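The values are calculated or read from the model by the stated rules, or taken from the named source; none is laboratory data. The shown structure was predicted, so the numbers you read here are calculated from the model rather than taken from an experiment. Here the Cβ is made from the backbone with ideal geometry for all residues, glycine too, and neighbour counts use every protein chain on show. The accessibility values were calculated without ligands, DNA or RNA, using every heavy atom of the protein model including side chains. Shrake-Rupley method; radii C 1.70, N 1.55, O 1.52, S 1.80 Å.
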Amino acid sequence: MARGMILPVPELLPTEGVERLRARLATARFQDGAATAGWHAKLVKANRQLAPDDPAAAELRAIVEQAVRAHPVAMMATRPKAFGPILFSRYGAGDGYGSHVDDAIMGGVRTDVSFTLFLADPDSYEGGELVMETAAGDLAFKLPAGGALFYPSTTLHRVEPVSAGERLAAVGWIRSHVRDAAGREILFDIDTARQSLFRQSGKTAEFDLLSKSLSNLLRRWADD
Ligand code: NI
């Protein structure tokens, strides 16, 4: 499942939400994506992005943020304190986004967790995989429409060139209550184990001890 908290969530946004986003994006105004990239990322970024002043931008952003907030596993993995910008991008044939790390602060928000919400059906475009460049090698993801990949913003990553069709995606950034990815992973694992134990045996003394440990670690590590 989670590898160093690189976490695919296959159904973050239900089909109705995906269709609503696609319908609004179909008539929205897009501009050159290099406008929102840092100076070195500009060198490798080729896509189009929803213009920030488009009238649909606030509504679309709210749909994505709500989808994250409504998903228990996404919340457990990210523990959001604040959301940074949420961008909507199109990659047509020949577009891609070479290896880069996301800016540390975006829209005034420290970026701890990045996410990509896939909005196009994987069969509708060639290429366009989101690749995490980890110490253990490259991990490539091409999720179903409505699926999202969450990963530490400290990770080098890229979007492989699209060779046919169109890759439509939303990308966003989260400031977490827990800055450190290793800490988030420990909390995620304890929380997962405690919920599984609860499903098996109910509110046992062991469940209570794991709950206490989870709370007390969060209290030690959280920025409030
Ligand atoms: Ni990026």
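Has segment 83-96 got at least one residue that is farther than 26 Å from ASP54 by Cβ, within 15 Å of the ligand (Cβ to nearest atom) and assigned by TED's automatic domain parsing to the domain that holds VAL64?
Scanning segment 83-96, I find no residue that is farther than 26 Å from ASP54 by Cβ, within 15 Å of the ligand (Cβ to nearest atom) and assigned by TED's automatic domain parsing to the domain that holds VAL64, so the answer is no.
Answer yes if at least one residue in segment 192-210 is in contact with a strand residue (DSSP E or B) (Cβ under 9 Å, 6 or more places away or on another chain) and of a type in the set (A, V, I, L, M, F, W, C), and no otherwise.
To start, the set of residues in segment 192-210 that are in contact with a strand residue (DSSP E or B) (Cβ under 9 Å, 6 or more places away or on another chain) comprises none.
No.
Quick one: is LEU214 closer than 13 Å to MET76 by Cβ and open to solvent by less than 50 Å² (accessible area, probe 1.4 Å)? Before the answer, list the steps.
Values: closer than 13 Å to MET76 by Cβ: yes; open to solvent by less than 50 Å² (accessible area, probe 1.4 Å): yes.
Criteria met by LEU214.
Kindly evaluate ASP112 against the criterion of being of a type outside the set (A, V, I, L, M), in the same structural domain as HIS71 (by TED's automatic domain parsing) and open to solvent by 20 Å² or more (accessible area, probe 1.4 Å).
Working: of a type outside the set (A, V, I, L, M): yes; in the same structural domain as HIS71 (by TED's automatic domain parsing): yes; open to solvent by 20 Å² or more (accessible area, probe 1.4 Å): no.
Against the criterion (of a type outside the set (A, V, I, L, M), in the same structural domain as HIS71 (by TED's automatic domain parsing) and open to solvent by 20 Å² or more (accessible area, probe 1.4 Å)), ASP112 does not qualify.
Which of the following residues is farther than 26 Å from ALA164 by Cα and among the aliphatic types (A, V, I, L, M): ALA23, ALA77, ALA34, ALA51?
Only one candidate qualifies: ALA77.
Filter segment 123-144 down to residues that are at positive phi and away from the ligand (no atom under 16 Å from the Cβ) and give me whichever is modelled with the lowest pLDDT.
Restricting to residues being at positive phi and away from the ligand (no atom under 16 Å from the Cβ), the top hit is GLY137.
Which condition number in (1) assigned to a loop (DSSP other than H, G, I, E, B); (2) under 21 Å from the mean Cα position of the chain (by Cα) is the one that ASP224 fails?
(2)
Quick one: count up the residues across segment 68-123 that are part of a helix (DSSP H, G or I) and β-branched (Val, Ile, Thr). Please lay out each step first, then the result.
Residues of segment 68-123 part of a helix (DSSP H, G or I): 68-69, 72-78, 122-123.
Filter once more, so that each one left must be β-branched (Val, Ile, Thr): 68, 73, 78.
Final tally of qualifying residues: 3.
Return only the number of the condition from (1) within 16 Å of the ligand (Cβ to nearest atom); (2) open to solvent by 50 Å² or more (accessible area, probe 1.4 Å); (3) assigned to a helix (DSSP H, G or I) that ALA34 does not satisfy.
Against the list (1) within 16 Å of the ligand (Cβ to nearest atom); (2) open to solvent by 50 Å² or more (accessible area, probe 1.4 Å); (3) assigned to a helix (DSSP H, G or I), ALA34 comes up short only on (2).
Could you give me the residue pairs with C-beta distances under 8 Å whose first residue belongs to segment 119-135 and is open to solvent by less than 40 Å² (accessible area, probe 1.4 Å), whose second residue is among the hydroxyl-bearing types (Ser, Thr, Tyr) wherever it lies, and which are 6+ apart or on separate chains?
Cβ pairs passing all conditions: TYR125/TYR91; GLY127/SER163; GLY128/TYR91; LEU130/THR116; MET132/TYR151; MET132/THR155.
Across segment 106-121, which residue is farthest from the ligand (Cβ to nearest atom) among those that are touching a Lys or Arg at 6+ places or on another chain (Cβ under 8 Å) and not hydrophobic (A, V, I, L, M, F, W, C)?
For segment 106-121, the residue satisfying everything is ARG110.
From the list ASP103, ASP54, which one is of a type in the set (Asp, Glu) and within 16 Å of the ligand (Cβ to nearest atom)?
On inspection, the qualifying residue turns out to be ASP103.
Tell me, please, whether a residue that is among the basic types (Lys, Arg) and touching a residue at least 24 places away in the same chain (Cβ under 8 Å) can be found in segment 194-212.
No, because not a single residue in segment 194-212 is among the basic types (Lys, Arg) and touching a residue at least 24 places away in the same chain (Cβ under 8 Å).
Counting only residues that are away from the ligand (no atom under 12 Å from the Cβ), outside any helix (DSSP H, G or I) and basic (Lys, Arg), which one in segment 145-188 is surrounded by the fewest Cβ atoms within 10 Å (Cβ to Cβ)?
ARG179
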